[in-house]
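All of the numbers you see were taken from the coordinates with simple rules; none came from a lab. Computed from a predicted structure; not experimentally measured. Here Cβ is always computed from backbone atoms with ideal geometry, including for glycine, and neighbour counts include all displayed protein chains.
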Amino acid sequence: MSGYGFRQAARMERIKLGSVRSTWWLAIATVASMAAAGVGVGFGYRSHTPVATAAQILNNSLSGSILAQLLLGALGVLMVTGEYGTGQIRSTFAAVPRRRTVLAAKAAVCGGTALTVGLLASLAGYLGGQLAIRGTAIPAASLADPPILRAVLLTGGYLAATALIGVGVGTVVRHSGAAIGTLFALMFVPTIAVGLFGESGIAVGRFVPLLMLLNSVAVTTPTPGLFAGWISVLLMCGYAAAAILCGGVLLRRRDA
């Protein structure tokens with residue numbers, strides 16, 4: 001038997017992803033955390049003096065993406081490491097001998113799922129903040145306003161890229177706990193390191209995921225010195241591609 005092609009492998013990965021309970025819990029937690037952050041921010045600004053601007057509400061309403069990136073990153077990790085933990089990966093490779101096809105199918109399915117969840121979560125954060133400020137003097141942020149729409153959409157794209165980084169890290173590490181810990185470190189440790197240099201660290205900080213998210217992607221106006229939001233998201237996609245490429249190289253060389 002020649003094994004499954006990409007389309008059959010992707011179909012198999014969709015079935016496996018949907019049948020795992022953790023997938024649904026992580027997706028629900030991602031959307032819920034973003035919505036809760038948005039509502040919390042909105043209520044916090046209801047009595048704020050001076051009156052908050054629409055940009056302030058939106059920027060802070062999307063702050064739940066700090067947690068959401070870890071949740072979707074964990075989803076990407078578990079899509080790979082879950083099979084190593086149960087030993088099912090051997091059956092997968094038996095059905096699809098071309099390991100690069102397996103990894104490509106996992107990345108495609110995870111990326112599509114994470115993009116959908118990420119966009120829903122980003123929209124939930126936006127709506128949570130807007131609903132919480134209704135009836136106040138705070139101006140509403142409309143999705144018809146290009147900077148507002150851009151921040152919401154790019155946040156969803158950033159979250160999807162984080163999930164793909166998780167796929168790459170999971171393929172390299174192969175152990176769920178260690179891979180999630182590694183992903184956490186990649187997201188947060190560089191931010192702490194750059195912070196030690198103060199404002200002079202901005203030249204390096206614009207390449208750091210968390211700083212890109214909070215100061216370039218999930219905001220209406222990027223911080224001076226940082227890349228534009230869409231460039232930051234493309235850079236995250238580049239990180240994801242590099243992580244998956246490293247995983248693919250090791251996947252071919254190591255035993256299941």
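Here are the numbers:
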item: Charged-residue dipole, Cβ positions (Lys, Arg, Asp, Glu), the chain about Cα centre, Debye nearest 20; result: 940 debye
item: Rounded tilt (10° steps) of 65-86 against the dominant C-alpha axis of the chain; result: 10 degrees
item: Theoretical ellipticity at 222 nm over the chain - DSSP helices of four or more residues, -39500 (n - 2.57) apiece, nearest 500; result: -25500 deg cm²/dmol
item: Förster radius 35 Å - calculated FRET efficiency between Ala178 and Thr49 (Cβ-Cβ, nearest 0.05); result: 0.15
item: Integer Hz, Karplus 6.51/-1.76/1.60 couplings in order for segment 183-192, x for Gly and Pro; result: 4, 4, 5, 5, 7, 10, 4, x, 5, 5
item: Among 134-141, 60-67, 115-122, 218-225, the order from most to least packed when residues are scored by Cβ within 10 Å on average; result: 60-67, 115-122, 218-225, 134-141
item: Among Ile192, Ile57, Ile89: highest mean-square fluctuation, GNM of the chain, C-alpha pairs under 10 Å; result: Ile192
item: The chain: angle of helix 146-173 to the longest principal axis, Cα-based, in degrees nearest 10; result: 30 degrees
item: Computed label-point distance, nm, for sites Ala144 and Ala32 using a 7 Å Cα→Cβ extension; result: 3.5 nm
item: R0 of 30 Å, Cβ-Cβ distance Val189-Ala95: FRET efficiency to nearest 0.05; result: 0.20
item: Candidates Val77, Val189, Val31, ranked by Gaussian network fluctuation over the chain, Cα under 10 Å, top entry; result: Val189
item: Angle in degrees between helix 6-19 and the longest Cα principal axis of the chain, rounded to the nearest 10; result: 60 degrees
item: Mean-position separation - Cα centroids, segment 54-128 and segment 2-28, in angstrom; result: 12 Å
item: Cβ-defined net charge surrounding Val172, 12 Å radius [Lys, Arg +1; Asp, Glu -1]; result: +3
item: Residue range of the chain that is longest and free of chymotrypsin sites (Phe, Trp or Tyr not before Pro) which are both DSSP loop and sparsely packed (at most 16 other C-beta within 10 Å); result: 1-196
item: In nm, spacing of pseudo-spin labels at Gln88 and Ser200 (7 Å Cα→C-beta vector); result: 5.2 nm
item: Cβ-defined net charge surrounding Ala243, 15 Å radius [Lys, Arg +1; Asp, Glu -1]; result: +3
